[in-house]
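**Student:** This is the structure I want to talk about, given as structure tokens.
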């Protein structure tokens, strides 16, 4: 009986979703395993036919089991093809009621073939090897009954009915010579198989129900954990990002810029680049804050595209942006300023609004490893205001 139980334990590997109903889950699992069992039993059955044929050379009574086992092989093959058809229909989400009716009829034939091994020859029942085969057949029958219950409850009754007819018929016909004892024993044997198969089948159904519910719970918990993890990641990202531009905020910049400084090797330096949009207040006053927000968003895109993923970019406050980047020397860092200047000026024509000219003033400072970041930012801020002041004087002089 462990054969049927261990097979159904492989339910979770059979591709059954936790949302599958209990009846469908039982049916898929049982049909799949019965197909596997009947397919593997065909090879063993062929070996049995050969063994019985050889035994028949030495024992007259053994010859009867050859045709019986051959019939069993046909039953196994028939059951296997029906199971394959049921699986194909279930997986294709097609009606499979007709296939289940065929399965019930196949179980009747199976039951009849199981009982044939009990038939006597010349009024004498088999002993020795045939008796062993009868016992093994009964054990396999109980295993199949458990699977049959899971596929269709009436299938077990069909199999038991067929078995009872074929097994008890010769005893009833020979009751005058055999007496009541063999008949009573055979009836008890049939009832024992029926009761044991039914009880064990129901236990398997209950056990499988728990397995399916546990899988449902596990999937639900997994989905909940995934949503919580996603929500946590979103919250962490929102806590680090500027809501308008998507750049880092001050607190996150201090963390990631510090990591960049510690990770930079001796052959490279870290530079802080402070940018301030020129005449941004006039854009807000003359065109509205909505247009000003678009200018900030487009400027942030220019900075991320120009500086690349290795740089740390942040909206420092208002219209100010701060960038930490690793560069081999100051000239390389200053070349980034040139690219940013061209990109920010291109924001004007991307807006397509007459009267808006977007530009920025930059201040650059070398951030030393033994230096506090505030000091390096202050130097960049001073450099930026010197550039901005020089531009204002130039415009006034012009």
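Every number here is computed from the coordinates shown, using simple stated rules; none is lab data. Computed from a predicted model, the values in this text were never measured in an experiment. For neighbour counting, all protein chains shown are included, and Cβ atoms are generated from backbone atoms with ideal geometry for every residue, glycine included.
**Student:** If you take the Cα Rg of the stretch 292-332 and divide it by 2.2 N^0.38 Å, with N the number of residues, what do you get?
**Tutor:** Against the compact-globule rule of thumb, the ratio is 1.25.
**Student:** I've got another one for you. Which order do peptides 370-381, 100-111, 217-228 fall in by mean Cβ count within 10 Å, highest first?
**Tutor:** 100-111, 370-381, 217-228
**Student:** By its C-alpha gyration tensor, with a ≥ b ≥ c as the square roots of the eigenvalues, how is the stretch 294-398 shaped: rounded for a/c under 1.5, else prolate for a/b larger than b/c, else oblate?
**Tutor:** Values: a/c = 1.93, a/b = 1.32, b/c = 1.46.
Oblate is the answer for the stretch 294-398, as a/c is 1.5 or above yet b/c matches or exceeds a/b.
**Student:** R0 = 35 Å: FRET efficiency of residue 320 with residue 233, Cβ-based, nearest 0.05?
**Tutor:** So the FRET efficiency works out to roughly 0.80.
**Student:** Rank by packing, highest mean first: peptides 329-341, 272-284, with packing defined as the count of other Cβ atoms within 10 Å averaged across residues.
**Tutor:** Most protected by this proxy first, the peptides run 272-284, 329-341.
**Student:** Quick one: if you stick a label point 7 Å off each Cα along the C-beta vector at residue 216 and residue 334, how many nm between them?
**Tutor:** 7.1 nm
**Student:** How far is it, in nm, from the label point at residue 203 to the one at residue 391 when both lie 7 Å from their Cα along the line to the Cβ?
**Tutor:** 8.5 nm
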